[in-house]
1. Rounded to whole Hz and in sequence order, give me ³J(HN,Hα) for the range 292-309 from the Karplus expression 6.51 cos²θ - 1.76 cosθ + 1.60, θ = phi - 60°, writing x for Gly and Pro.
2. Net charge near Val236, counting Lys/Arg +1 and Asp/Glu -1 over other residues with Cβ under 9 Å of its Cβ?
3. Taking amide hydrogens as modeled 1.01 Å from N in the peptide plane, which residues meet the under 5 Å criterion relative to Ile238, leaving out close sequence neighbours?
4. Where a ≥ b ≥ c are the square roots of the eigenvalues of the C-alpha gyration tensor, would you call the range 236-346 rounded, which needs a/c under 1.5, or, failing that, prolate if a/b is larger than b/c, or oblate?
5. Counting only protein heavy atoms, what percent of the accessible surface of the range 227-347 is carbon or sulfur at a 1.4 Å probe?
6. Below 8 Å between Cα atoms, with a sequence gap of 6+, how large is the relative contact order for the range 72-181 in percent?
7. Taking 0.36 nm per residue of separation and subtracting the Cα-Cα distance, what length does fully extending Ser247 through Thr332 add?
8. Rolling a 1.4 angstrom probe over the protein heavy atoms, how many square angstrom per residue are accessible across the chain?
Amino acid sequence: MKNIISLIVFLLLSVSCLEAKPNIVILATGGTIAGSIDSELETTGYKAGVIGIETLIKAVPQIKDIAQVSGEQIANIDSSNMNDEIWLKLAKKINELLKKDVDGIVITHGTDTMEETAYFLNLTVKSNKPVVLVGAMRPATAMSADGPKNLYNAVALAANKNAKNKGVMIAMDDKILGARGAVKTHTLNVDAFTSPDFGNLGYIVDGRVFFYNTISKDHTTKTPFNISKLKTLPKVDILYTYSNDGSGVATKALFDNGTQGLVVAGSGAGSIHENQKEVLKDLMKKGLKVAVSTRVVAGSVAVSKDDQNLGFISAQNLNPQKARVLLMLALTKTHDSAKIQKYFEKY
Ligand code: SIN
């Protein structure tokens, strides 16, 4: 009799283990996925970041079939208003949750600055569990809103057992993109993200996850950046280059206003107008750190050895907005340009 009871208990436990769904937490920050407007026809002119996370979850009841899901509202903003305070709050929250029995995180986010938040988290999350950002190009009220399917796919990805150790990912329009490579390359189409230098990591087809690519750069647990005690981040700005741009007015104003680092969105493979370069060199002698990126959408910059010796840092193939993220984090560790250069080569 005792043996039979033990067997029944064992079988019940086995069945419940088999059926246990991954525990996924959705952290909501706003964006078009939570956007609303009075007309189903309108896909522009809406207000982003108005619908709450519980409503978003209720709109996709199918996610409960693939995961045990709970939601938390971290912010509800248009992502063009994203700031360091929300970044730090998000990273700390994710690190706290992933230490517990949470299997994966989904972050709903506006698409405009999604790539920056994704890369910030790729460098500051200290876990190998899946972290997935998702958004939408059409508001929740639109006739053909893309948010519900994107959210379903993001949960499927975060719940997938093969999604560990990939760094932070973006799930948009059935694609899986790595945080370092993903770039928003269309202003309005639902297929808004590509990864020009790396390609997609994989695809999600009706909730089934397929990986076709690997991540070569170090991320998450392999970076030295620890934000757990930080309340602010170093001020870093971006300087765009263009024809006839040699005054250095903006450069000097930014430096006088407290910027510690500048990312130059250079032309071509990182060229900078010679007059502008002289201003930068002067300010570098006063402590300004300068990383050279490019306004071109793909490819790496080529910073000469002489310029590197002067302290110019090559942002490699990081676009200006992502180079800014890495320079900010690098400045929490060091002001040595050679050490910062190593970070750009590694992450
Ligand atoms: C935003 O980035 O918050 C608005 C645009 C979008 O989500 O597509």
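1. Per-residue couplings from phi come out as 9, 10, 9, 7, 7, 6, 9, x, 9, 7, 10, 9, 5, 4, 4, 5, 5, 5 Hz.
2. Numbers: positive: Lys235, Lys289, Arg324; negative: Asp237.
Taking every Cβ under 9 Å from that of Val236, the sum is +2.
3. For Ile238, the qualifying residues are Val263.
4. Working: a/c = 1.41, a/b = 1.08, b/c = 1.31.
Note, shape of the range 236-346 comes out rounded.
5. On the way: 2840 of 5810 Å².
Looking at the range 227-347 in its full context, I get 49 percent from C and S.
6. Rounded, it is 26 percent for the range 72-181.
7. Details: separation 85, 0.36 × 85 = 30.60 nm, distance 3.02 nm.
Full extension of this stretch gives 27.6 nm more.
8. Result: 47 Å² of accessible area for each residue.
The values are calculated or read from the model by the stated rules, or taken from the named source; none is laboratory data. The shown structure was predicted, so the numbers you read here are calculated from the model rather than taken from an experiment. Note that we place each Cβ from the backbone using ideal geometry, even for glycine, and neighbour counts take in every protein chain shown. Heavy atoms of the whole protein, side chains included, go into the accessibility calculation; ligands, DNA and RNA do not. Shrake-Rupley method; radii C 1.70, N 1.55, O 1.52, S 1.80 Å.
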